[in-house]
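First the structure, in the form of structure tokens, and then the observations on it.
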Amino acid sequence: MDTARKVIKCKAAVAWEVGKPLAIEEVEVEPPKVHEVRIKIIATGICRTDDHVIKGALEGIDFPVILGHEGAGIIESVGEGVTDLKPGDKVIPLCIPQCGRCSSCLNPNTNCCLKTHLIESQNLMPDKTSRFSCKGKIVYHFLWTSTFSEYTVVPVDAVAKIDDGAPMDKACLFGCGFSTGYGAAINTAKVDPGSTCAVFGLGGIGLSTIIGCKSAGASRIIGIDINKSKFEKAKQFGATECINPEDFTKPIQEVIVEMTNGGVHYSFECIGNTDTMKAALESCHLGYGTSVIIGEAPSAAQISFSPLMLFTGRTWKGSIFGGWKSKESVPRLVTDYMKNKFNLDGLVSHTLPFVQINEGFDLLRSGKSIRTILMF
Ligand code: PAD
Ligand code: ZN
Ligand code: ZN
């Protein structure tokens, strides 16, 4: 059936209000407008950031909304003016776009395109309308990705075309988790061979950071988590030792400074908690230690720390989507994966049919899963 230019009715998980489980609904998805594409999502992962929205921790999200930002799919149809994508192409929607024209896109040192949700809301398409509706009500987009829907509409600046042979159930991890952690180590920290790293939080982001630290040649990688069941996998990915802050009476940063004779070269916060952000900074060595914030703290959070930490030569950075300029880098990352440059398959702890999405969130909240992949 030729669906192009027609409204498609399909399944989606709608978040009607804060704090409620997602509801599987039949939604209407309009055809793509100018410079947009409609994608049939094949697989999507569940990331902690989606959970932050469900819990109301992130400001500026309108409801009802279709969440999801770690997906992989196939172009169903393209809107006017789209020249670089065609129906049938395998693609990954990008939660950080790359417009190629703004001052950040033109600056080689950042991936923070000014079209991102950090600067203006991505609850609607660029023309300020939605392509989704359900039961006669408008449903909002999320990060321009909304991958918790069998079909979604995305602006072309937020879509990367990937290798035709890429397995979709793994490729979706390049839409957030893997790219974010791996890039934070490679691009943001620029971990060097022989260095010592500390990774706070061993979920999908933390484990991907470990993969990055290892491939950059770090000789010692310390994993930190309050859930011991994460340690085995962390070691498989390259952690040389794992510690639980609850096993010590003194603060974890003091433990790490002692273990490493003054502090680590690189630390990464992959939790989203201001206490562990501070602990990660204080775990760094004076003079040359660098700490990278990857975890997303609640919108209203503030942090206080001693300026002496930075005065004495430590560097504090943040990393969004691993520093990758998304549209050009994601296809290369997927190709590198196909050439076995890194193995991320172990990040997928569970696979469920899409309609069991709430079970996927339960697995995340109970600490049992790394990434649950939902298949349509
Ligand atoms: P996750 O919940 O799977 O992993 C977090 C891990 O931290 C779990 O294993 C917890 O047990 C552990 N943890 C929790 N509290 C503590 C603590 N006090 N001390 C030590 N360990 C603790 O989440 P995730 O890996 O999907 O995401 C991690 C964060 O990264 C989260 O805040 C998410 O919103 C953020 C994120 N950032 C980006 C980005 O571009 N910067 C992208 C995607 C996700
Ligand atoms: Zn994410
Ligand atoms: Zn841009």
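The values are calculated or read from the model by the stated rules, or taken from the named source; none is laboratory data. Predicted model only: the values in this text are computed from it and were never measured. Backbone-built Cβ (ideal geometry, glycine too); neighbour counts: all protein chains shown.
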(request) Six or more apart or on different chains, Cβ under 7 Å: which pairs go from a residue in region 92-120 that's farther than 18 Å from Ser146 by Cβ to one that's acidic (Asp, Glu) and more than 9 Å from ligand 3 (Cβ to nearest atom)? Could you list them? (result) Gln98/Glu328
(request) Kindly provide the set of residues from region 343-366 that are loosely packed, with under 13 Cβ neighbours inside 10 Å and within 14 Å of Leu207 (Cα to Cα), ordered by number. (result) Asn343, Asp345
(request) Would you confirm whether any residue within region 175-190 is farther than 20 Å from Thr44 by Cβ and either away from ligand 1 (no atom under 16 Å from the Cβ) or free of Cβ contacts under 8 Å to residues at least 12 places away in the same chain (or both)? (result) yes
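Which residues, taken from region 84-99, are away from ligand 3 (no atom under 12 Å from the Cβ) and assigned to a loop (DSSP other than H, G, I, E, B)? Working first, answer last.
Looking only at region 84-99, we keep the residues that are away from ligand 3 (no atom under 12 Å from the Cβ), and these are 84-93, 95.
Of everything in region 84-99, those that are away from ligand 3 (no atom under 12 Å from the Cβ) and assigned to a loop (DSSP other than H, G, I, E, B) turn out to be Asp84, Leu85, Lys86, Pro87, Gly88, Asp89, Cys95.
Could you grab me the full set of residues in region 96-130 that are among the charged types (D, E, K, R) and either within 15 Å of ligand 1 (Cβ to nearest atom) or on the phi < 0 side of the Ramachandran plot (or both)? Break it down into steps so the answer makes sense when it comes.
Looking only at region 96-130, we keep the residues that are among the charged types (D, E, K, R), and these are 101, 115, 120, 127-128.
Of everything in region 96-130, those that are among the charged types (D, E, K, R) and either within 15 Å of ligand 1 (Cβ to nearest atom) or on the phi < 0 side of the Ramachandran plot (or both) turn out to be Arg101, Lys115, Glu120, Asp127.
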(request) Could you check how many residues of region 220-238 are over 21 Å from the mean Cα position of the chain (by Cα) and either within 16 Å of Phe268 (Cα to Cα) or among the acidic types (Asp, Glu) (or both)? (result) 5
(message) For region 23-46, which positions are within 16 Å of ligand 2 (Cβ to nearest atom) and more than 23 Å from Val156 (Cβ to Cβ)?
(response) Ile46
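Go over the candidates Glu36, Glu70, Glu28 one by one and state the one that is modelled with pLDDT of 95 or more and surrounded by fewer than 22 Cβ atoms within 10 Å (Cβ to Cβ). I'd like the intermediate steps shown before the answer.
Details: Glu36 fails: surrounded by fewer than 22 Cβ atoms within 10 Å (Cβ to Cβ); Glu70 fails: surrounded by fewer than 22 Cβ atoms within 10 Å (Cβ to Cβ).
Answer to the selection: Glu28.
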(request) Please specify each residue of region 203-223 satisfying the condition of being closer than 17 Å to Thr49 by Cβ and in contact with a Cys (Cβ under 8 Å, 6 or more places away or on another chain). (result) Gly203, Gly204, Ile205, Gly206, Thr209
(request) Please specify each residue of region 108-161 satisfying the condition of being surrounded by fewer than 16 Cβ atoms within 10 Å (Cβ to Cβ) and within 14 Å of ligand 3 (Cβ to nearest atom). (result) Pro108, Asn109, Thr110, Leu114, Leu118, Ile119, Glu120
(request) Being in a loop (DSSP other than H, G, I, E, B), within 16 Å of ligand 1 (Cβ to nearest atom) and out of contact with any helix residue (DSSP H, G or I) (no Cβ under 8 Å at 6 or more places or on another chain) is the filter here, so list the residues in region 24-56 that pass it. (result) Lys55, Gly56
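Scan Val292, Val255, Val264 and give me the residue that is within 20 Å of the chain's Cα centre (by Cα) and on the phi < 0 side of the Ramachandran plot.
On the way: Val255 fails: within 20 Å of the chain's Cα centre (by Cα); Val264 fails: within 20 Å of the chain's Cα centre (by Cα).
Among Val292, Val255, Val264, only Val292 is within 20 Å of the chain's Cα centre (by Cα) and on the phi < 0 side of the Ramachandran plot.
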(message) Residues that are β-branched (Val, Ile, Thr) and in contact with a Pro (Cβ under 9 Å, 6 or more places away or on another chain): list the strands (runs of 3 or more DSSP E) wholly contained in region 100-210 that include at least 3 such residues.
(response) 151-155
(request) Name the one entry in Glu80, Glu76, Glu17, Glu59 that is in contact (Cβ under 8 Å) with a residue 24 or more places away in the chain and assigned to a strand (DSSP E or B). (result) Glu76
(request) Have a look at Ile243, Ile186 and point out the one that is surrounded by fewer than 24 Cβ atoms within 10 Å (Cβ to Cβ), away from ligand 3 (no atom under 16 Å from the Cβ), at pLDDT 95 or above and under 18 Å from the mean Cα position of the chain (by Cα). (result) Ile186
